[in-house]
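The values are calculated or read from the model by the stated rules, or taken from the named source; none is laboratory data. Remember, it's a predicted structure, so these values are computed and weren't measured experimentally. Backbone-built Cβ (ideal geometry, glycine too); neighbour counts: all protein chains shown. Only protein heavy atoms, including side chains, enter the accessible area calculation; ligands, DNA and RNA are left aside. Shrake-Rupley method; radii C 1.70, N 1.55, O 1.52, S 1.80 Å.
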Amino acid sequence: MKVAKATDGAAMMFSPLIAAGRLNVAAAIRTRRRGYSGWTGAVNTDYDPLDPAVAAQPHAAYDAMHRSGRVHYNPRRATWILHRLDDVRAALRDTDRVTSSEGVTRIRVVADLVVLTDGEQHSRLRKQVHPAFTKGALDSWRDIIDSLAAELVDDMIASRGCDAVELLTTPMPLRVIAAILGVPESDIADFRRWSDESTQIINFTPTVKGFVNTTRSLRAAAALRRYFLKQLADGHLKDSDTVLGRLLAHNSDGALTDNQLFYIAILLLIAGNETTTNLLGGMLHTYAHYPEQYDMIRANPDLIPQAIEEHVRYTSPIQNLYRYTRADYQVGEVTIPAGSRVMLSFGAANRDPLAFDDPNTFRADRNPRSHVGFGYGPHLCLGAPLARMEAQAVLRELVSRVSRISVTGPTTWSTNSSLRGPTRLPVVLHE
Ligand code: HEM
């Protein structure tokens, strides 16, 4: 299988995406030749995660899949779909046959990045990023996170009605990441613009607009890269409590080049921003609609960690990611042929009635330990403790100061096929 290979520089890092449309067609033709247009035992479905209306409100489709077979196949998208919790977890564990090394989106891509590798290469890359996320690192960021949560909730209360996405759910993770990457307040506006634009790369669609947006993303990534390389050259990040400072401290043998440090920085931006925004937005939306659940937490703030876990399950900020099969892969009676594109539906798995009692109901005290909102297995989210810390800080601040969260207008949900959360959430916080 010929796949694009990224080697160096921001543009190179993303250049495979430009060729993606052609590569996907090749993959579709190749897999179709293997003959799964005939009966395979999979349920043919027209559930289409790329349909914006479905992406915004996917739960009826998930319920329908749960009522039917174990493996679904969408012929139009040439995509196999796993939706049961046990099947998604099994696929995430089986990295020999169900690999991330050809990409985790609809686009086949090869790159030396932790999320896009398996086996020894993945272990090596994961070890490189790990020093940035130790308990010591998290503890050193706690005060920043707590005071940011207090400041942003303060602003929201003072506004007496606002779009929570603008005032809280977007700035919170962005400013946390800026702080832990060592970006000074004076550079935040540029940083925000470059991060917003460059991270849109994962929303790639093979259309003219998609290619235009991708070009813009590449330009922003290049600007971000110049910025970080300059920061690294200035030398002030060394010995700092920032992510890059910690990675530099563990890099005494010089194994990490400045370019690799930049890749790690941009990976954290992509992985940590919109996901956490979605989690916070989902949380506010849920409490505005289920005030009795909010009252339960107010009465017993010890429930906050469990409640955040239930928010991750219920909201599923990443609704799905993809894998590619390296060998025939058996799920029950169905064989997914080698070379197939498989969508792992975290959103559906987190609402699997075989795994969760009354799955479409939010229960703050459920403590759903087996959810796959942060993934599972070797690629389990490295930033989960940070995301949990941010969400817990915001919820603690809310329950100690706000008696009621009310919506003041319709919520708009993202239409992105993989990342889901409110993009507009008009609320008022009552003290
Ligand atoms: C609510 C917020 C978040 C959610 C729902 C989330 C979800 C996920 C999921 C599902 C994966 C697995 C990917 C896969 O299996 O292919 C993952 C991996 C990852 N996440 Fe997160 N994430 C969140 C926040 C963060 C944050 C804040 C960071 C860092 C700043 C982060 C960094 C990473 C990294 C580096 C990986 C790759 C791990 C690997 O491939 O070994 N995430 N995340």
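Quick one: compute a quarter of the convex hull surface over the Cα atoms of the range 205-279 and quote it in nm².
6.4 nm²
Identify, among Val114, Gly136, Ser101, the residue whose Cα sits farthest towards the positive end of the charge dipole of the range 69-213, taking +1 on the Cβ of Lys and Arg and -1 on the Cβ of Asp and Glu, with the dipole about the Cα centre.
So the residue furthest toward the plus end is Ser101.
Using a 1.4 Å probe, what is the accessible area per residue for the chain, in Å²?
The answer is 42 Å² per residue.
Order Glu120, Glu166, most accessible first, counting only protein heavy atoms with a 1.4 angstrom probe.
From most accessible down to least: Glu120, Glu166.
At 7 Å along Cα-to-Cβ for each site, give me the label-to-label distance between Glu185 and Ser68 in nm.
According to this spin-label approximation, the distance is 5.5 nm.
Using +1 at the Cβ of each Lys and Arg and -1 at the Cβ of each Asp and Glu in the chain, identify which of Thr79, Pro58, Gln293 lies farthest towards the dipole's positive end.
Result: Thr79.
Treating the range 66-137 as a set of equal point scatterers at the Cα positions, no solvent, please give the Debye-formula log₁₀ I(q)/I(0) at q = 0.13, 0.19, 0.24 Å⁻¹.
-0.53, -0.91, -1.13
Which FRET efficiency value, to the nearest 0.05, is calculated for Ser406 and Ala53 with the Förster distance at 35 angstrom and r the Cβ-Cβ distance?
Rounded to the nearest 0.05, the efficiency is 0.85.
Rounded to the nearest 20 debye, what is the charge dipole size of the chain about its Cα centre when +1 sits on each Lys and Arg Cβ and -1 on each Asp and Glu Cβ?
The dipole magnitude comes to about 1760 debye.
Rg to Rh for the range 246-367: what is it, with Cα atoms only and Rh by Kirkwood?
1.11
Can you classify the range 164-301 as rounded, prolate or oblate using the Cα gyration tensor, where a ≥ b ≥ c are the square roots of its eigenvalues, rounded means a/c under 1.5, and otherwise it's prolate if a/b beats b/c and oblate if not?
Since a/c reaches 1.5 but b/c is at least a/b, the shape of the range 164-301 is classed as oblate.
Listed highest first by mean packing, meaning other Cβ atoms within 10 Å per residue, what order do 168-178, 411-421 come in?
168-178, 411-421
Would you kindly work out the equivalent ellipsoid of the chain from its C-alpha gyration tensor and give its semi-axes, the square roots of five times the eigenvalues, largest first in whole Å?
Result for the chain: semi-axes of 33, 29, 19 Å.
In the range 37-161, how does Rg compare with the Kirkwood Rh, expressed as the Rg/Rh ratio over alpha carbon atoms?
In the range 37-161, Rg relative to Rh is 1.11.
Kirkwood Rh over Cα pairs of the range 328-431 into Stokes-Einstein at 25 °C, 0.890 mPa s: D in µm²/s?
141 µm²/s
What ranking do 92-99, 308-315, 289-296 get when scored by the average of other Cβ atoms within 10 Å per residue, highest first?
The densest-packed peptide leads the list: 308-315, 92-99, 289-296.
Each residue of the range 227-233 in order: what ³J(HN,Hα) in whole Hz does its phi give by Karplus 6.51 cos²θ - 1.76 cosθ + 1.60, θ = phi - 60°, with x for Gly and Pro?
The phi angles translate into 4, 5, 5, 5, 4, 5, 5 Hz.
Please work out how many pairs of lysine residues in the chain are eight or more positions apart (or on different chains) and have Cα atoms closer than 29 angstrom.
The number of close lysine pairs in the chain is 11.
In debye, nearest 20, what is the charge dipole magnitude of the range 279-345 about its Cα centre with +1 on Lys and Arg Cβ and -1 on Asp and Glu Cβ, if you could check?
380 debye
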